[in-house]
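The values are calculated or read from the model by the stated rules, or taken from the named source; none is laboratory data. What you see is a predicted model, and the numbers here were worked out from it, not measured in a lab. Neighbour counts run over all protein chains shown; Cβ positions are idealised from the backbone, glycine included. Surface areas here come from the heavy atoms of the whole protein model, side chains and all, with no ligands, DNA or RNA. Shrake-Rupley method; radii C 1.70, N 1.55, O 1.52, S 1.80 Å.
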Amino acid sequence: MLSQTEASFRRLLPLLRPYLRQLMLGGGCTVIYVACWPILAWLAGRLIPSIGAGELNKVIQVISIALIVFFIQKFCQFLQDTLLAEPSLRVSEDLRKELFSQLQNIELEALEKMSSGDLTYRLTEDADRVGEVIYKTIQDTTPCLLQLIAVFGYMIFLDWQLSLATIILAPIVALLVSFFGSKVMLAAERSQKQVSELAGLLAEAIQGLPLVRAFAAEEWLQKRFDKEVLLHRQARYKTLNLLALQHPVVGLIEAIGILSVLTVGAARIQTGNLDGQGFSSYVAALLMLIDPISHLTINFNEFKQGQASLRRLREIQNNPREQQDSPNAKNLSNIKGSLNFRNVSFSYNEGNKVIKNLNLNIEAGKLIALVGPSGAGKSTIFSLLLRFISPQEGEILIDSNKLSNLKACDIRKELALVPQNNIVFSGSIKEAIAFGRKVTMDEIVNAALIANAHEFINKLEKGYDTKLEERGTNLSGGQLQRISIARALIGNPAVLLLDEATSALDAQSEDAVKLGLRQAMKHRTVIVIAHRLSTVQEADQIIVLDQGEISEIGTHNDLISMKGPYSDLCSRQFIHQHEDP
Ligand code: ADP
C-alpha cells in the first residue's frame, strides 16, 4: 500500500517538466551551497587550534575566509530558495487545477453521493498539504540530503575508521524514523478523515440552520458537533503524541552518537591516527549533520502526512468519469427537436430497472408533461436526455441522431434545463444568464425579454450588472426562476427540459414566471416535470409514469375521461390548486 502511494508522488514528477530550466539553475545554487559546508568544516579545523594557541593573525585570516564562504553560501541559499519556490508552487497549482477539472468530469451519480464539505476539505487542506510536501522536497529535503552526503563524505576523507564508528547508530535512527513515520501517517490519515467529517457536518449544519432553529433542534446538533470535535481532538492528539515521543527518542540516540564519537576520537588522537586539527574539522562536520538530520526527520513526517493527503486526493480521481464522446461523434446542427426513445431501459444498480423498456415518440414543438408519483423515473428521463447517464438497453434519438453518437456539449446546447431549484453562482446577473458562454449583450437581453425578466432587471439600480449574492439571496424566488429560464434560452435550444418548482410563489410572481415560461416554450419542444394543473392542462401530451413505465398517455381531457391513474393523481395532487381555466 505504501509503495503504491510513493509511486503516486513520483507520478507528480511529470508536472515538474515544464520548469526544468529553473530547477536546474536552483539545483546549481544548491550544489554551491552544499559544497560550502565541508569547506567551513575544514576552516573550523584550522581555526580552533589557532584560537587555542592564541595566534590572532591566523585567526583573523581564517575568519575572513570563512566570512566570504558564508556570504557565498547564504547568497546561493537565497537564490536556491527563490528559484525553487516557483516550480514547486506551480506544481501544486497544476495539481489543484487538474483535480478540479477531474471533479468536473466525475459522473454526476458518483458526485451526488459525495459530501460537499468532505470534498471541499480534500481540495483545499489535503491539496495544500501535498503542495507543502512538494515544496519541502524540492527546496529543503533535497539540499539537506546533499548536505548530509557532502559533509559525511568529508568526514570519511578525514578518518574513515572514525566515520565507521559514527554511523553505527545510523541504522537505528533510520529504523526509528521510519517506524514513527508509518505510525504518523496512519494517525494523520485518521485525523484528516475526522476533519473531513467535521467539514461535512459543518456544511450540512450551515445550510440547515434555519430548519434546526425551526425544530428547536439546536441541542441535538450541538451534541453531534461536540462528538465530531471530540473525535477530531482524539485523532489529532494521537499524531501529536507520536511526534512528541519521536523527537526525544531520536535526539537521545543522536546525543549518544556524538558522545561515542568524542570518545573514539580521543582514542584515535592518542594512538596518533588523527591530529587535533583533523579532529576539530571532524567535530565541526559532525555538528553540521545535526541540522539536516533534524530537517529530514520533520520533512519525513510531513511527507508521510502528505502521503495520507495524496491518497485522499487519489480517491477523488478514482471515481468513474462521465461518459466520453465517441471518437467519431457527429456534430449536431439545425435541430428541430423531435425526440425518440426506443426500447430504453436503465438501472442505477444492477438488476433494479428504473426505466423499463420505454418507447416514446415526441414530435418537435410539442409540450409534453411528465407526471407520476415520486420515484417513478421522471428525473431519470431528464438525466438520460442530457446524457448524464446512458441507457443499458435501447437508444434515444434527437431528430434522427442517436445521442450516443453525439458530442455531449452539442446535446447540452440543444437541450436546455430549467432546474427545480434556482441555483445561481455569485456574480453579476449578466454573467448568471450567460453562464460562461460567449454571448453578446443583445443575446442576454433577448433571453431576458423572452423569460419576462428584462423589466425587473432594468429596474434594479445596476441593471444587468447587479451582483447576485451567494445562492441569489438578494432576489425573490420568482425573479430567480426567470433568470434561470433566461439562462436556459441562451443559444436558442430546440428542447427545453423544465423541472417545475414544487413550492408555490405568491400570485403576482407566479403570473410573471408563467408568462416567462409561456414565451420561452414557443417554437420549441418542451418536456416538463409537471406539478401544476395549469401546465398539464396545456400540454399536448401527458405521459403518466409509474415505476419506470408509461401507464397512460394522452391529453388532459382524454385521461380524465379514462378515469385511470391520471384522474386519481389529479384528484389527489392538483385538486386543491386554484388554476386558470
Ligand atoms: P422521480 O423524478 O420520478 O421522482 P427519479 O428519476 O428521481 O424519480 O428516481 C427513479 C428511481 O431511481 C427511484 O427509485 C430512485 O430512488 C432511483 N434513483 C434516482 N437517482 C438515483 C441514483 N443516483 N442512484 C441510485 N438510485 C437512484
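Of the numbered criteria (1) modelled with pLDDT under 85; (2) out of contact with any Asp or Glu (no Cβ under 9 Å at 6 or more places or on another chain); (3) closer than 30 Å to Gln277 by Cβ, the one Leu169 fails is (2).
Taking the listed residues Leu384, Leu370, the one that is in a helix (DSSP H, G or I), within 15 Å of the ligand (Cβ to nearest atom) and touching a helix residue (DSSP H, G or I) at 6+ places or on another chain (Cβ under 9 Å) is Leu384, with no other qualifying.
Filter the stretch 538-565 for residues that are among the polar types (S, T, N, Q) and over 17 Å from Thr525 (Cα atoms) and give the result. Matches in the stretch 538-565: Gln547, Ser551, Asn557, Ser561. Within the stretch 328-354, being within 8 Å of the ligand (Cβ to nearest atom) and among the aliphatic types (A, V, I, L, M) holds for one residue alone: Val354. The set of residues from the stretch 530-547 being modelled with pLDDT of 90 or more and buried (at least 22 other Cβ atoms within 10 Å of the Cβ) comprises Ile542, Ile543, Val544, Leu545.
Matching residues to (1) among the small types (Gly, Ala, Ser); (2) within 28 Å of Leu79 (Cα to Cα):
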| residue | (1), (2) |
| --- | --- |
| Gly26 | yes, yes |
| Thr30 | no, yes |
| Tyr33 | no, yes |
| Pro38 | no, yes |
| Trp42 | no, yes |
| Leu47 | no, no |
| Gly52 | yes, no |
| Glu55 | no, no |
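For the structure I just gave you, tell me whether Ala284 is open to solvent by less than 40 Å² (accessible area, probe 1.4 Å), at pLDDT 85 or above and within 19 Å of Glu197 (Cα to Cα). No, not satisfied. So for the stretch 75-96 (the condition being assigned to a helix (DSSP H, G or I), under 27 Å from Ile206 (Cα atoms), open to solvent by 40 Å² or more (accessible area, probe 1.4 Å) and more than 16 Å from the ligand (Cβ to nearest atom)), does at least one residue qualify? Checked the stretch 75-96: at least one residue is assigned to a helix (DSSP H, G or I), under 27 Å from Ile206 (Cα atoms), open to solvent by 40 Å² or more (accessible area, probe 1.4 Å) and more than 16 Å from the ligand (Cβ to nearest atom). Within the stretch 110-129, the set of residues being open to solvent by 40 Å² or more (accessible area, probe 1.4 Å) and assigned to a helix (DSSP H, G or I) comprises Leu111, Glu112, Ser116, Thr120, Thr124, Glu125, Asp128, Arg129. Residue count for the stretch 199-224 under the criterion of being under 15 Å from Gly117 (Cα atoms) and either in contact (Cβ under 8 Å) with a residue 60 or more places away in the chain or exposed (fewer than 15 other Cβ atoms within 10 Å of the Cβ) (or both): the result is 9.
Of all residues being open to solvent by less than 40 Å² (accessible area, probe 1.4 Å), more than 16 Å from the ligand (Cβ to nearest atom) and not in a loop (DSSP other than H, G, I, E, B) in the stretch 405-422, which is farthest from Leu517 (Cα to Cα)? Just the residue, please. The selected residue is Leu406. Annotation: Cys76 fulfils all but one of (1) touching a helix residue (DSSP H, G or I) at 6+ places or on another chain (Cβ under 6 Å); (2) under 30 Å from Glu322 (Cα atoms); the unmet one is (2).
For the stretch 455-507, a tally of residues being closer than 30 Å to Lys378 by Cα, of a type in the set (D, E, K, R) and open to solvent by 80 Å² or more (accessible area, probe 1.4 Å) returns 3. Kindly indicate whether any position in the stretch 156-175 is assigned to a helix (DSSP H, G or I), more than 16 Å from the ligand (Cβ to nearest atom) and acidic (Asp, Glu). No, every residue in the stretch 156-175 fails to be assigned to a helix (DSSP H, G or I), more than 16 Å from the ligand (Cβ to nearest atom) and acidic (Asp, Glu).
The condition (being among the small types (Gly, Ala, Ser) and free of Cβ contacts under 8 Å to residues at least 40 places away in the same chain) is satisfied by just one residue among Ser326, Ser294: Ser294.
Across the stretch 1-53, the number of residues qualifying as under 21 Å from Gln80 (Cβ atoms) and modelled with pLDDT of 85 or more comes to 25.
Residue count for the stretch 179-198 satisfying the condition of being touching a residue at least 60 places away in the same chain (Cβ under 8 Å) and farther than 22 Å from Glu228 by Cα: 3.
Within the set Thr263, Thr239, the sole residue that is among the β-branched types (Val, Ile, Thr) and open to solvent by less than 60 Å² (accessible area, probe 1.4 Å) turns out to be Thr239.
Of all residues assigned to the stretch 355-367, none qualifies as being within 16 Å of the ligand (Cβ to nearest atom), part of a loop (DSSP other than H, G, I, E, B) and surrounded by fewer than 21 Cβ atoms within 10 Å (Cβ to Cβ). No other residue among Ile72, Ile138 is assigned by TED's automatic domain parsing to the domain that holds Lys193, of a type in the set (Val, Ile, Thr) and crowded, with 19+ Cβ neighbours inside 10 Å apart from Ile138. In the stretch 304-318 there is no residue that is open to solvent by 30 Å² or more (accessible area, probe 1.4 Å) and either within 16 Å of the ligand (Cβ to nearest atom) or farther than 30 Å from Lys193 by Cβ (or both).
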